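Take a look at the structure below.
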Amino acid sequence: MAVPGSAPGSASGFVGRKARSMLGQVGDLFVIALEGLRRSWDVKSWWWEFVDQCWFLARVTSVPVLLVSLPLGATVALQVGELAWQLGAGSATGSAVFVGLIREVAPLASALLIAGAGGSAMTSDIGARHIRDELSAMEVMSVNPIHRLVTPRMWAASTIAVCLCPLVILAGASGGYFFNVVVQGVTPGAYFDGALSLVVSSDLYVTLFKAWIFGFIAAAVACYKGMTCATSPVGVGRAVNQATVVTFMLVFAFNYVISAVYFLAYPPRSL
């Protein structure tokens, strides 16, 4: 006898189907990502595609990341500086700006720009190849589309995400310097002395590691959505939207996990 509430049209049946579909999509995503990494050693087969993708990602993300980081650093300096002045610790603003930029803002900003500007282009490009049956044609010619298309894009996104971190830190620190020194009257020596008092080398290493992971996630999700989209222009558009949303969710989730593990292993030091 059927269990009550387990009919195909019931709420529990709908939830079960959605859960199985979600687990299947997660499995497919991991398969594509791992398959893309499996032949990474064969650099000569994807080197020029990697160079093209690096140039494209650098071209579409470098200016926007500067425009995002400048007001972001200025806003942090303005808000923290006002509070620091009320507490009589105006020189601590530099510490807050640099610590926030290096530990959290730099990898997140680079990843979100990679996902928004570069990942959407990756999804639309591979999705267009998918609806034109170019991926199937590559398989017929004994060319693995994952090795030829996904592998260089994952490595390119990871590389450019790491390279964007210094730009974010520099632009954000410049914006913070303007508001903290020029507007609020803190001396430049106090600003930079406070900035270097809490930052340690491990912060920078973890930031670059997070940026690499986030870039890899953005490219893997973008390629997966492009390769599995519906075979229509509408399907490509929906895949672009889904890839951006899923990447943002995964980036923030992984950022929390990595930051929590890092703070447990290396507790922040005090002034």
By residue number, the members of region 118-161 that are closer than 24 Å to Val245 by Cβ, open to solvent by 10 Å² or more (accessible area, probe 1.4 Å) and either touching a Lys or Arg at 6+ places or on another chain (Cβ under 7 Å) or not in a helix (DSSP H, G or I) (or both) are Leu135
All conditions in (1) touching a residue at least 24 places away in the same chain (Cβ under 8 Å); (2) over 30 Å from Ala260 (Cα atoms) are true of Ser142 except (1)
Inside region 185-220, the number of residues satisfying the requirement of being open to solvent by 50 Å² or more (accessible area, probe 1.4 Å) and part of a helix (DSSP H, G or I) is 11
| request: Output yes when any residue across region 257-265 is open to solvent by less than 90 Å² (accessible area, probe 1.4 Å) and among the hydroxyl-bearing types (Ser, Thr, Tyr), and no when none is. | output: yes
Flagged in region 221-234 as free of Cβ contacts under 8 Å to residues at least 60 places away in the same chain and buried (at least 20 other Cβ atoms within 10 Å of the Cβ), in numbering order, are none
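From the list Thr231, Thr247, pick out the single residue that is hydroxyl-bearing (Ser, Thr, Tyr) and assigned to a helix (DSSP H, G or I). Before you say what the answer is, go through the steps one by one.
Working: Thr231 fails: assigned to a helix (DSSP H, G or I).
Residue meeting the stated conditions: Thr247.
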Per the list (1) without any contact (Cβ under 8 Å) to a residue 24 or more places away in the chain; (2) over 30 Å from Gly73 (Cβ atoms); (3) in contact with a Phe, Trp or Tyr (Cβ under 7 Å, 6 or more places away or on another chain), residue check on Thr151 breaks on (1)
When region 32-81 is checked residue by residue, the ones that are open to solvent by 40 Å² or more (accessible area, probe 1.4 Å) and assigned to a loop (DSSP other than H, G, I, E, B) are Arg39, Trp41
With the first residue restricted to region 106-123 and required to be farther than 19 Å from Ala171 by Cβ, and the second required to be not in a helix (DSSP H, G or I), Cβ contacts under 8 Å at 6 or more apart or on different chains are Thr123/Cys229
Met249 meets each of (1) open to solvent by 30 Å² or more (accessible area, probe 1.4 Å); (2) within 15 Å of Gly36 (Cβ to Cβ) with one exception, condition (2)
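The values are calculated or read from the model by the stated rules, or taken from the named source; none is laboratory data. Predicted model, so just to flag it, every value in this text is computed and none were measured. A quick note on method: Cβ atoms are made from the backbone with ideal geometry, for glycine too, and the neighbour counts reach across all protein chains shown. Ligands, DNA and RNA are excluded from the accessible area calculation, which covers all protein heavy atoms including side chains. Shrake-Rupley method; radii C 1.70, N 1.55, O 1.52, S 1.80 Å.
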